[in-house]
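> Provided herewith is a single structure, encoded as structure tokens, for subsequent inquiry.
The values are calculated or read from the model by the stated rules, or taken from the named source; none is laboratory data. This structure is a prediction, so every number in the text was calculated from the model and none was measured. Neighbour counts are summed over all protein chains in view; Cβ atoms, including those assigned to glycine, are modelled from backbone coordinates with ideal geometry. Surface accessibility is based on the protein's heavy atoms, side chains included, excluding ligands, DNA and RNA. Shrake-Rupley method; radii C 1.70, N 1.55, O 1.52, S 1.80 Å.
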Amino acid sequence: MPEPARATSSGPGRVLIAVYGVFALSATARALVQIATKFHEAPLAFLLSLVAGVVYILATIGLNGRGPGARRLAWAAVGFELAGVLIVGTLTVLDAADFPDDTVWSVYGRGYGFVPLVLPFIGLWWLRHTRAR
């Protein structure tokens, strides 16, 4: 009989969820302040930061939830996060002029100690590690 999936919110998953929660709050708050106060300076960068914040919120909810729906949400959010940080990171390295202000994912999350680059790899590993066997 196959072993059921383990809760992603158990053990080290709690730390992962906490980190995602901090990023959800910080990225979303930063983006909302930037959009409210200086949107005209770098609309693309600020909107991308808001997208990142929403993705972190969804990842936090998915990782903290139980059941297959929460797990699917976590996979989708963390996968999107990885694609986003790689795409935005590469674009900001290749053409910094299009990004007059940093996003959460600029230069692969340099402004956040590259945690945005490492976090989705850890998240995907944890989802795989806790899957049904």
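> Take the conditions assigned to a helix (DSSP H, G or I) and over 16 Å from ALA31 (Cα atoms) and apply them to GLY53. Does it pass? Please lay out each step first, then the result.
On the way: assigned to a helix (DSSP H, G or I): yes; over 16 Å from ALA31 (Cα atoms): no.
Criteria not met by GLY53.
> Here is a further query. Consider LEU82 carefully, then state whether it is closer than 14 Å to PRO120 by Cα and in contact (Cβ under 8 Å) with a residue 24 or more places away in the chain.
Working: closer than 14 Å to PRO120 by Cα: yes; in contact (Cβ under 8 Å) with a residue 24 or more places away in the chain: yes.
Judged against the criteria, LEU82 is a match.
> While we're on this one: Where residues in region 6-42 are open to solvent by 50 Å² or more (accessible area, probe 1.4 Å) and over 30 Å from ASP98 (Cβ atoms), which of them is farthest from the chain's Cα centre (by Cα)?
Here the answer is ARG6.
> If I ask for residues that are assigned to a helix (DSSP H, G or I), over 26 Å from PRO12 (Cβ atoms) and open to solvent by 20 Å² or more (accessible area, probe 1.4 Å), which ones from region 77-97 would you list? Walk me through how you get there before you give the answer.
As a first pass, look at region 77-97 and keep what is assigned to a helix (DSSP H, G or I): 77-94, 96-97.
Narrowing further to those that are over 26 Å from PRO12 (Cβ atoms): 87-88, 90-94, 96-97.
Matches in region 77-97: ILE87, THR90, LEU91, VAL93, LEU94, ALA96, ALA97.
> Just to check your reading of the model, which residue among ALA31, ALA45 is of a type in the set (A, V, I, L, M) and at pLDDT 95 or above?
On the way: ALA45 fails: at pLDDT 95 or above.
Result: ALA31 is the single residue among ALA31, ALA45 that is of a type in the set (A, V, I, L, M) and at pLDDT 95 or above.
> Another question, if that's okay. Quick one: is ALA45 open to solvent by less than 60 Å² (accessible area, probe 1.4 Å), within 22 Å of TRP126 (Cβ to Cβ) and aliphatic (A, V, I, L, M)? Break it down stepwise before answering.
Numbers: open to solvent by less than 60 Å² (accessible area, probe 1.4 Å): yes; within 22 Å of TRP126 (Cβ to Cβ): no; aliphatic (A, V, I, L, M): yes.
It is false that ALA45 is open to solvent by less than 60 Å² (accessible area, probe 1.4 Å), within 22 Å of TRP126 (Cβ to Cβ) and aliphatic (A, V, I, L, M).
> State whether one or more residues within region 62-76 are under 14 Å from ASP101 (Cβ atoms) and either surrounded by fewer than 18 Cβ atoms within 10 Å (Cβ to Cβ) or modelled with pLDDT under 95 (or both). Even if it seems obvious, please write down each step before you answer.
Applying the first criterion (under 14 Å from ASP101 (Cβ atoms)) to region 62-76 yields none.
No, region 62-76 contains no residue that is under 14 Å from ASP101 (Cβ atoms) and either surrounded by fewer than 18 Cβ atoms within 10 Å (Cβ to Cβ) or modelled with pLDDT under 95 (or both).
> Filter region 98-133 down to the residues that are in contact (Cβ under 8 Å) with a residue 60 or more places away in the chain, in a helix (DSSP H, G or I) and closer than 15 Å to LEU48 by Cβ, then identify the one that is most open to solvent (accessible area, probe 1.4 Å).
TYR112
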